[in-house]
1. Given a Förster distance of 22 angstrom, what is the FRET efficiency for His155 paired with Asp183, based on the Cβ-Cβ distance and rounded to 0.05?
2. Towards the positive end of the charge dipole of the range 138-196, with charges on Cβ (+1 Lys, Arg; -1 Asp, Glu), say which of Leu154, Gly189, Leu178 has the farthest Cα.
3. Determine, for each peptide in 141-151, 39-49, 186-196, the mean count of other beta carbons within 10 angstrom over its residues, then list the peptides with the highest first.
4. Could you check the simple spin-label distance between Ser128 and Thr164, using points 7 Å along Cα→Cβ, in nm with one decimal?
5. For the range 101-208, just list the percent of Cα-Cα distances falling in each 10 Å bin from zero outward, please.
Amino acid sequence: MTQQFTWNRRGILAGAGALGVAGLLPAQANAQGLTKALGLSSILGKATDGALDKLAQPGAFYDDEEVRIGLPIVGNLGGRSGGLLGSLLNAGNRMGVLGDITRTINDAAGLAAGEAKPIFRDAINDLSFEDAPGIIRQADGGTQYLRSSSNERLHSRFEPLVDTALEKLGVYSSFDSLAQNYDFISNAGLNRASINRSVTDQGLDGIFSYIGSEERTFRKNPAGNLGGALGDLLGQ
């Protein structure tokens, strides 16, 4: 009888999660407790791990046009394409001047993504989730909240990973060599810092896009994710 009651309670809680379990929680639960009870920290952690695992696969950034990193954008030149400078660099790429450097830049972002789990986990663990009700209502609310509250911190910690990857794959040395032979490269103002910043910015855009997609997928299965988290919280 006890086992049957426990199973039924699990089922009720999981179903309640799909319909809006927040109303079943104690009134005194604060935002942090509410969010943990709803399993949002767990879901966001899983979404982040899933996104980084996918983008760390060879060719993942480059093969997906939605997150593919373009040639470095320098200055306030407008848009993801980099305005005039982006046009010049892309023209150089089409002429074969830049060779496979675009792919190499994307590969560097993939290498950095493969090392980024700890910094994202730290950011998630430090979230206060003061806006938990709003996060609950939005299909990718956790992702949006993570970015709005932790973007600067994540950028500062992701940037060294990108820098190491760009160095390892020879992106910096490639641009240095090109600048000696092509004026449009040397006049573009590209240097180690600006290349790193551009790749880091675009890389984070892609990572957060994937995290949002993963979060939406997890939320479509509340019984498997939200309900399980509730069972763990209540010791069932």
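1. Details: r = 32 Å, r/R0 = 1.44.
The value I calculate is 0.10.
2. Going by the Cα projections, it comes out as Leu154.
3. Working: 141-151: 19.5, 39-49: 21.5, 186-196: 16.4.
Most protected by this proxy first, the peptides run 39-49, 141-151, 186-196.
4. Distance between the two pseudo-spin positions: 3.2 nm.
5. Taking all Cα pairs of the range 101-208, the binned fractions are 14, 39, 26, 14, 6, 1 percent.
Read the figures in this text as sums done on the coordinates, not as results from a lab. What you see is a predicted model; the values in this text were computed from it and never measured. Please note: Cβ atoms are built from the backbone with ideal geometry, for glycine as well, and neighbour counts cover all protein chains shown.
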